[in-house]
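What follows is a single structure, written as structure tokens, with notes after it.
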Amino acid sequence: MIWDELQTELDALQRDGLQRQRRILEVPCGPQARVDGQELTSFCSNDYLGLANDPLLVEAACAGARSWGVGSGASHLVSGHLLPHAQLEQKLAEFTGFPGALLFSTGYLANLAIVPALVDRHDAVFADRLNHASLIDAVQLSRAASQRYPHGDLATLERLLNNSTARRKLILTDAVFSMDGDLAPLPELLALAERFDAWLVVDDAHGFGVLGKQGRGSVSHFNLPITPRLIVMGTLGKAAGASGAFVAGAATVIEWLAQRARSYIFTTAASPLIACALAGSLQLIAVGEARRDHLWQLVAHLRDGLAATRWHLLPSPTAIQPVIIGDNHEAVRIASALYARGLWVPAIRPPTVPPGSARLRVSLTAGHSHDQVAKLVSALRDLA
């Protein structure tokens, strides 16, 4: 039977230490978690500024629901583009410094929108090998020629661009790589885009709200000029604390996406109460320097605490701190040992990361305390 094949493949995942398990979180998102009645300190969340359960945003969402209901009723291009959506798009454009912005229900949908709308089978995409899965899928949907360069390898990228005869060229990269925590060389990538008349599309999912002046993101962090060839996607379910995503770029690009991006045209608009909450979130991000300073102190605390151990930390300057284990089963074993001590740290395995590089992915947030990070450091030192 065809479904027996699925069970065989599921058994293989279990055998290879690759089967994932969903755990039910019994309290709101935050550093303190409860799963199956067990109290845990969570180092799993991308809620980098600790805004997901912030009282101001909760109240903004409630007020939004009272004023606008809970559903938009249609896609943006039919009748689902409500005033809170329009106001949020304007605020996002102003905050990031781009001429325009377009809202999406998720970051995945936003990435699936950009690439196929801009390039097709006559064109070429030049993508970092460690890009997020949504970017990989977007390239496949576009039918453009896919040219993947080794992670951060500018020399190879330059050679590929120079040898390309494609009609249109598009450089595609994460800004902060979600499993390694390192930064893309955005100034050099933009210089190559200028030189070879290419678009530079940047997924700033893990930079928006955390990096740059007032948390404006990786473009601000690198002080990049706002040019028509630069397009940025930012998610709103990580540092912004809610859900959704946006694309920021030149007015012509934003209008083109609104007219041609399938995952925008054929998706019901997100709840207006989320847009109301996110308007409040932008205010907190803008004045969130104390939160960001605390976050960077926690990063230094963790890295200093594990520096003299056998644990190998990747050179990440961000809230994402991967501890490389290597073997799949060993990564699961260490994660389970931490879990037994009340510390929830996910074990990340292939295909999310390359074979042989299974790891613990420690995500720090401004909601964590130094005592919580000290407990994690102590447990990892004991396990080492």
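Conditions tested, residue by residue: (1) over 17 Å from residue 118 (Cα atoms); (2) at pLDDT 95 or above; (3) outside any helix (DSSP H, G or I).
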residue: 138; (1), (2), (3): no, yes, no
residue: 147; (1), (2), (3): no, yes, yes
residue: 152; (1), (2), (3): yes, yes, yes
residue: 155; (1), (2), (3): yes, yes, no
residue: 160; (1), (2), (3): yes, yes, no
residue: 167; (1), (2), (3): no, yes, yes
residue: 170; (1), (2), (3): no, yes, yes
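Scanning segment 125-168 for residues that are under 22 Å from residue 180 (Cα atoms), free of Cβ contacts under 8 Å to residues at least 12 places away in the same chain and among the hydroxyl-bearing types (Ser, Thr, Tyr) gives a single hit, 156.
Apart from one condition, residue 40 fits all of (1) farther than 30 Å from residue 340 by Cβ; (2) touching a residue at least 12 places away in the same chain (Cβ under 8 Å); the exception is (1).
Residues considered: 295, 306. Of these, the only one that is outside the structural domain of residue 102 (by TED's automatic domain parsing) and over 22 Å from the mean Cα position of the chain (by Cα) is 306. Of the residues making up segment 188-219, those that are in a loop (DSSP other than H, G, I, E, B) and either out of contact with any helix residue (DSSP H, G or I) (no Cβ under 9 Å at 6 or more places or on another chain) or over 14 Å from residue 98 (Cβ atoms) (or both) are 196, 197, 198, 205, 206, 207, 209, 210, 211. Filter segment 290-336 down to residues that are hydrophobic (A, V, I, L, M, F, W, C) and in a loop (DSSP other than H, G, I, E, B) and give me whichever is surrounded by the most Cβ atoms within 10 Å (Cβ to Cβ). Looking at the filtered set, the residue picked out is 319. Taking residue 20, is it among the charged types (D, E, K, R) and within 26 Å of residue 131 (Cα to Cα)? So residue 20 passes the test.
Checking the structure you have, find out if any residue of segment 349-361 is farther than 29 Å from residue 54 by Cβ, part of a strand (DSSP E or B) and not assigned by TED's automatic domain parsing to the domain that holds residue 218. Within segment 349-361, one or more residues are farther than 29 Å from residue 54 by Cβ, part of a strand (DSSP E or B) and not assigned by TED's automatic domain parsing to the domain that holds residue 218. Of all the numbered requirements in (1) more than 26 Å from residue 289 (Cα to Cα); (2) not assigned by TED's automatic domain parsing to the domain that holds residue 296, residue 61 misses one, and that requirement is (1).
The values are calculated or read from the model by the stated rules, or taken from the named source; none is laboratory data. Please read all numbers here as calculations on a predicted model, not as lab measurements. Here Cβ is always computed from backbone atoms with ideal geometry, including for glycine, and neighbour counts include all displayed protein chains.
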